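Contents: one structure, followed by commentary.
No value in this document is a laboratory result; all are computed from the given coordinates. No experiment lies behind these values; they were computed from the predicted model shown. Ideal geometry is used to build each Cβ from the backbone, glycine not excepted, and the neighbour counts take in all protein chains shown.
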Amino acid sequence: MSMKLRRLPRAATAGLVAAAALTAAAHSAEAADTLGSAAAGQGRYFGTAVAASHLGEADYTATLDREFSSVTPENEMKWDATEPSRGTFTFTSADRIVDHAQSRGMDVRGHTLVWHSQLPSWVSSLGASGLRTAMKDHINGLMGHYKGEIHSWDVVNEAFQDGGSGARRSSPFQDKLGDGFIEEAFRTARAADPAAKLCYNDYNTDGVNAKSDAVYTMVKDFKSRGVPIDCVGFQSHFNSNSPVPSDYRQNLQRFADLGVDVQITELDIEGSGSAQAADYRKVVEACLAVDRCTGMTVWGVTDKYSWRSGGTPLLFDGNYQEKPAYDAVLSALGGSDGPGDPGDPGDPGDATVTCTATYTRTADWNSGYNGQVTITAGDEPVSAWTVTVTLPAQQSVSSLWNGTPTWSGNVMTVRPSWNGTLAAGASTGFGFTAAKNGSDAAPTLGTCTAS
Ligand code: 9MR
């Protein structure tokens with residue numbers, strides 16, 4: 001099969017990328033550091049998994065572009081996405097991510113070529129010789145399409161079993177081709193794109209244990225026999241059942257000592273607040289302590305799109321606000337979060353300025369009542385707010401204080417009088433007197449909007 005090169009090789013565009021990097025450096029003299037710029041100061045990349053379907057969301061893309069220097073397509077380069085039927089390659093979604101990354105001078109990790117999961121059924125149903133050919137064609141198809149454009153490929157993903165045995169995982173590749181399939185995949189990959197770093201990637205291999213021992217033995221064997229392997233990826237999906245191991249750094253170091261780079265490829269840590277921040281700091285410090293740990297990738301930009309969204313495992317919350325974990329990572333990378341840094345709670349200029357409104361009846365008599373509406377700013381400062389109050393049809397408002405009303409039928413829209421400016425989290429309010437005219441029902445509040 002002949003594959004056409006889709007774009008100029010990265011080397012040909014290196015001048016452009018260098019120019020972009022210079023511009024970024026010039027800005028950083030006044031601006032706060034970002035994850036990517038702070039990591040670059042340590043000679044590392046700081047990446048994130050990206051989904052093509054979110055690239056149209058302004059806050060997602062703004063956060064991605066501002067903070068990260070590398071991207072990994074979360075699903076778009078997997079076998080089911082790229083070769084859903086034999087020999088028919090579809091790269092539309094993966095190309096969107098690669099194009100986006102390249103236009104911003106970000107690197108791309110390729111994920112993943114040979115994996116038992118997200119594997120189309122046509123692959124699983126092949127016999128040994130057909131499967132071997134299909135595996136090589138798939139590697140050549142993807143790596144040919146992106147030749148020269150991917151800094152590291154996860155050539156084989158998750159080939160070892162969980163649990164204590166250190167055995168290979170049962171999969172169509174393992175079961176039909178035997179242990180040698182990994183070596184064949186790496187040899188094919190080296191020939192397909194000699195410039196790409198070739199990684200083996202797995203989870204629950206972050207500390208020293210039977211599974212990481214088995215991967216270690218394989219890498220050692222590859223290095224001794226000249227099988228091409230350049231890097232080992234440690235996924236690093238952590239939570240209370242699978243915490244950051246105390247021998248994380250030691251484990252990374254023993255792999256590095258075999259003569260391969262190590263990369264943290266899918267980092268996320270369930271939790272919140274200072275405990276989550278402390279765990280993130282440990283991970284970054286472990287990577288920085290190992291010379292051959294060349295970079296880190298978190299498995300998503302925002303908690304709301306995480307594969308473990310319920311565990312809020314990422315650095316930005318669902319509103320793209322920086323979490324304590326973000327500050328911990330940035331400071332562990334030697335960066336600093338300057339005043340006015342976009343994403344900081346409390347900084348003006350961020351996208352999401354919010355408020356909430358609550359109503360209480362503060363006085364009540366036969367023919368009327370006083371109502372009070374309290375307006376509270378969200379985690380950004382507010383310079384103006386608007387809230388609607390819908391009164392029961394019979395009622396009428398005779399006076400209103402600390403607000404400016406306009407009327408449409410029985411709907412009163414209230415804006416500030418003197419009290420539009422609120423600090424993040426601060427409250428103000430307005431009051432009014434209403435005549436019941438036979439209805440004692442409470443008014444209803446519309447959504448509070450703020451700018
Ligand atoms: O985050 C990915 C999620 O959107 C997919 O549904 C899932 C399907 O298998 O894969 C997730 O990513 C996985 C990665 O490709 C390999 N390591 C484990 C990741 C989390 O499951």
| field | Cut-off of 10 Å, at most 16 other beta carbons, DSSP loop: longest stretch of the chain lacking such GluC sites (Glu not before Pro) | value | 58-451
| What do you get for Rg/Rh of the range 209-350 when both radii come from the Cα atoms and Rh is the Kirkwood radius? | 1.04
| If you average 1/r over all unlike Cα pairs in the chain and invert the result, what Kirkwood radius do you get in angstrom? | 24.8 Å
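If you take the Cα Rg of the range 361-423 and divide it by 2.2 N^0.38 Å, with N the number of residues, what do you get?
Values: Rg = 13.2 Å, N = 63, 2.2 N^0.38 = 10.6 Å.
Against the empirical 2.2 N^0.38 Å value, I get 1.24 for the range 361-423.
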| message | I need the semi-axes of the equivalent ellipsoid of the range 280-333: take the C-alpha gyration tensor, multiply each eigenvalue by 5, square-root it, list largest first in whole angstrom. | response | 22, 12, 8
| request: Return, in residue-number order, each cysteine of the chain whose C-beta is not under 4.7 Å from any other cysteine's C-beta. | output: none
| said: Check which residues have an amide H placed less than 5 Å from Gly429's amide H, if you skip close sequence neighbours. | reply: Ile375
| request: Please give the length that would be gained between Ser272 and Ser124 if that part of the chain were fully extended, namely 0.36 nm times their separation in residues minus their C-alpha to C-alpha distance (nm, one decimal). | output: 49.3 nm
| query | Can you sort Ile269, Ile375 by how many other beta carbons sit within 10 Å, fewest first? | reply | Ile375, Ile269
| Cβ-derived FRET efficiency at R0 25 Å, Glu57 paired with Ala289, nearest 0.05 | 0.10
| In Å, what Rg and Dmax follow from the Cα atoms of the range 303-451? | 20.1, 67
| task | With a 10 Å radius around each residue's Cβ, average the other Cβ atoms per peptide and rank 415-426, 133-144, highest first. | result | 133-144, 415-426
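Determine Rg/Rh for the range 129-216; Rg is computed over alpha-carbon atoms and Rh is the Kirkwood hydrodynamic estimate from the same atoms.
Working: Rg = 13.7 Å, Rh = 13.8 Å.
On the Cα set of the range 129-216, Rg over Rh gives 1.00.
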| note | Asp268 neighbourhood, Cβ < 10 Å, K/R = +1, D/E = -1, net charge -2
